[in-house]
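The values are calculated or read from the model by the stated rules, or taken from the named source; none is laboratory data. Note that the coordinates shown come from a computational prediction; the quantities given were computed from them, not determined experimentally. Positions of Cβ are generated from backbone atoms using ideal geometry, with glycine treated the same way; all protein chains shown enter the neighbour counts. With ligands, DNA and RNA removed, areas are computed over all heavy atoms of the protein, side chains included. Shrake-Rupley method; radii C 1.70, N 1.55, O 1.52, S 1.80 Å.
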Amino acid sequence: SGFNDTLTGDTRSYRFPAGVYCSEPTVNPAPDGGDAYLVTIAIDTNLDRSYAAVFDCAGLEAGPLATVGLPERVSSGTHAFWATPAALPGW
């Protein structure tokens with residue numbers, strides 16, 4: 001998982017263990033205006049489970065800050081969705 005800052009050219013990445021794959025990550029602004037967070041869904045084929053992984057973009061290489069187990073394994077074909085809050089009425 002990783003990102004490339006199109007303004008600075010900075011590239012950061014994290015390599016999941018063998019057999020763990022992730023969906024497209026989303027970059028989410030920090031509520032305090034600091035560095036952003038990267039969130040992805042990880043599919044662990046070794047343990048037949050999935051989890052959301054949250055990374056600090058400033059320290060992506062250190063690994064997830066937190067993981068949240070999901071009740072079912074997510075399909076590897078799951079994709080991220082980018083939209084402004086205005087595009088999602090009722091959410």
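Numbers below:
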| quantity | calculated |
| --- | --- |
| Taking all pairs of distinct alpha-carbon atoms in the chain, Kirkwood radius in angstrom | 14.2 |
| Value of relative contact order over the stretch 1-53, rounded to a whole percent, pairs C-alpha under 8 Å and six or more apart | 26 |
| Heavy-atom accessible area per residue - the chain, 1.4 Å, Å² | 68 |
| GNM flexibility winner over the chain from 36, 52, 18 (Cα, springs under 10 Å) | 18 |
| Pairwise label distance in nanometres, residue 61 with residue 45, each label 7 Å out on the Cα-Cβ vector | 2.8 |
| The stretch 15-85: relative contact order in percent, alpha carbon pairs under 8 Å with at least 6 residues between | 28 |
| Förster radius 25 Å - calculated FRET efficiency between residue 6 and residue 76, Cβ distance, rounded to 0.05 | 0.40 |
